[in-house]
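What follows is a set of notes on a single structure, which appears directly below.
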Amino acid sequence: MADLPAPGSRTPASAHAAPRARIRIPVEALLRGRRPGAPRAASAALAALLAAALTAVPGGPAHAFTGDNHEAVTRAALPWEPVTLTAMADARDGAINANDHPPYFDIGPLHCDNADYLAPRYAPAYPRTRDEATTELLACIRTSVTRFRGAVRAADGLVDAEGKVRADQSDLSSPCTWDGKPDRAKCGVLEQLGRGWHQLEDFYSHSNWTDRPAPGPVSLDNPPGLGRSAPAPFLDIRRYSAMEDAEWTSDARARIPADLATGCYPDVDSTGVRSPGCEGRVPHNRVLNKDTAAAARSGTDDNFGHATAGATAEITRQWNDFKADLLAAYPDHDRGAQMVCALTHDDPAAACPGLRK
């Protein structure tokens with residue numbers, strides 16, 4: 001019998017599932033977030049790794065905030081009809097959990113990993129600087145910005161030029177595959193949103209944004225908690241999607257608190273380097289994560305409940321922002337409003353016959 005994962009550890013999807021079709025997804029946007037001073041070879045390594053990672057995606061169950069918890073958060077946040085909501089939220093096959101299938105699972109920015117840091121007052125020789133930790137978080141945010149832009153573009157296929165829903169592009173009678181290949185427009189939008197929202201949910205379970213520390217001194221095993229209840233201001237994905245990368249990264253960097261951290265995880269960070277371990281760093285496993293209610297950090301001051309509430313509020317914000325962007329981007333013939341209707345209804349060809357008076 002295989003060893004069971006430790007409570008709260010990240011576990012990839014089954015390694016025994018049959019591989020899906022090959023896909024092609026650009027990686028240049030993530031590479032633009034290369035840490036200042038990082039060697040060019042590291043960027044080349046990341047390009048090679050991501051190119052390989054994004055060419056064959058095995059199926060199977062996913063476990064990270066755990067898939068069940070991602071599903072619960074997503075269902076609580078989205079007022080969608082049941083078939084569409086299941087396509088997005090399902091713990092095994094939903095778009096929100098697509099990043100937890102190998103090999104996406106091992107790419108740190110897709111889970112907001114490795115933005116670990118302890119200030120000198122807690123750990124004078126901590127091996128990562130505040131700037132390095134912030135750069136990792138910016139790489140995570142960048143993946144969501146890129147996906148938001150992709151979702152807005154994909155939504156154009158949901159309706160025709162006169163604002164009528166295209167039945168063939170909004171039908172979910174057969175499952176979406178989340179393989180990045182051309183498919184129905186609704187599948188394309190859901191995949192872009194799910195792959196962009198996954199790491200935002202993970203941010204709340206993998207970081208100390210909503211946390212309280214356990215009693216006792218702050219340390220590698222008991223990092224500080226920020227105890228915030230409002231959504232993180234540097235996850236303003238809609239606003240950032242309309243800005244140049246240099247502009248929004250500067251804005252986000254200024255909004256990230258000095259003691260913010262996510263846990264170290266031995267996956268690939270934004271430089272293309274896979275850490276051999278997390279010795280001397282604040283680790284994800286058994287310390288900072290709140291992926292399950294059984295995780296060590298979850299029990300202090302209901303940190304699991306705070307993380308879940310934070311993630312739910314975040315996805316509610318992201319959906320409302322995406323709706324607003326569609327309305328602004330596609331005003332003619334109420335096309336944006338029809339797109340929103342098509343995304344929230346299971347039979348949009350019947351439910352959204354036209355919104356014009």
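Obtain the nm distance between the two label points defined at residue 293 and residue 174 by a simple spin-label model: each point lies 7 Å from its Cα along the Cα-to-C-beta direction.
4.0
List, in order, the whole-Hz ³J(HN,Hα) value for each residue of region 182-196 obtained from phi through the Karplus relation with A = 6.51, B = -1.76, C = 1.60 and θ = phi - 60°; use x for Gly and Pro.
Going residue by residue, I get x, 8, 4, 4, 5, 4, x, 5, 4, 5, 4, 5, x, 6, x Hz, with x marking Gly and Pro.
Once phi is turned into θ = phi - 60°, what whole-Hz ³J(HN,Hα) does the Karplus curve with 6.51, -1.76 and 1.60 give for every residue of region 311-323, x standing for Gly and Pro?
Using θ = phi - 60°, the values come out as 5, 5, 4, 5, 5, 4, 4, 4, 5, 4, 5, 5, 4 Hz.
Per the 1.4 Å probe, what fraction of the accessible area of region 87-127, in percent, lies on carbon and sulfur atoms? It would help to have the intermediate numbers written out before the result.
On the way: 650 of 1160 Å².
Carbon-and-sulfur percentage of accessible area, whole number: 56.
Does a label point 7 Å from the Cα of residue 332, set along Cα-to-beta-carbon, have any residues of region 163-181 with amide nitrogen under 14 Å, and which are they?
What the label zone holds, given the 14 Å backbone N cut-off, is 163-164.
If amide hydrogens are placed 1.01 Å from N in the peptide plane, which non-local residues have theirs closer than 5 Å to the one on residue 262?
The list, which skips near neighbours in sequence, is 115, 116, 117.
Using DSSP to call loops (not H, G, I, E or B), can you name the GluC sites (Glu not before Pro) in region 115-213 whose Cβ has at most 12 other Cβ atoms within 10 angstrom? Write down the numbers at each step before the final one.
Values: sites: 132, 136, 162, 191, 201; in loops: 162.
Here the GluC sites (Glu not before Pro) that fit, given the DSSP loop and packing criteria, are 162.
Enter the Cα centre distance for the pair region 293-322 and region 182-200, rounded to the nearest angstrom.
If you average the Cα positions of each part, the centres end up 21 Å apart.
Sticking with the crude label model, points 7 Å out along Cα→Cβ, report the distance from residue 279 to residue 253 in nm, one decimal please.
3.2
State whether region 224-284 is rounded, prolate or oblate according to the following rule on the C-alpha gyration tensor (a ≥ b ≥ c being the square roots of its eigenvalues): a/c under 1.5 gives rounded; otherwise a/b larger than b/c gives prolate, and the remaining case gives oblate. Mind showing how you got there, number by number?
Numbers: a/c = 2.78, a/b = 1.44, b/c = 1.93.
Oblate is the answer for region 224-284, as a/c is 1.5 or above yet b/c matches or exceeds a/b.
Where in region 248-290 is the amide nitrogen less than 16 Å from a point lying 7 Å along the Cα-to-Cβ axis of residue 76?
Answer for this model: 290.
Go through 262, 177 and list them by solvent-accessible area, largest first, probe radius 1.4 Å. Let's see the in-between values first.
On the way: 262 0, 177 55 Å².
Highest to lowest solvent-accessible surface, that is 177, 262.
How large a share of the accessible area of region 214-357, in percent, is made up of carbon and sulfur atoms when the probe is 1.4 Å and the other protein chains stay in place? All intermediate terms of the calculation are to be shown ahead of the outcome.
Details: 3300 of 6190 Å².
The nonpolar share, carbon plus sulfur, comes to 53 percent.
Note the direction-averaged projected area, equal to a quarter of the hull surface, for the Cα convex hull of region 202-357, in nm². Walk me through the numbers on the way to the answer.
Details: hull surface 50.4 nm².
That works out to 12.6 nm².
The values are calculated or read from the model by the stated rules, or taken from the named source; none is laboratory data. Just so we're clear, the structure is a prediction, and the values are computed from it rather than from any experiment. Backbone-built Cβ (ideal geometry, glycine too); neighbour counts: all protein chains shown. Accessible surface is based on the protein model in full, side chains and every heavy atom, while ligands, DNA and RNA are left aside. Shrake-Rupley method; radii C 1.70, N 1.55, O 1.52, S 1.80 Å.
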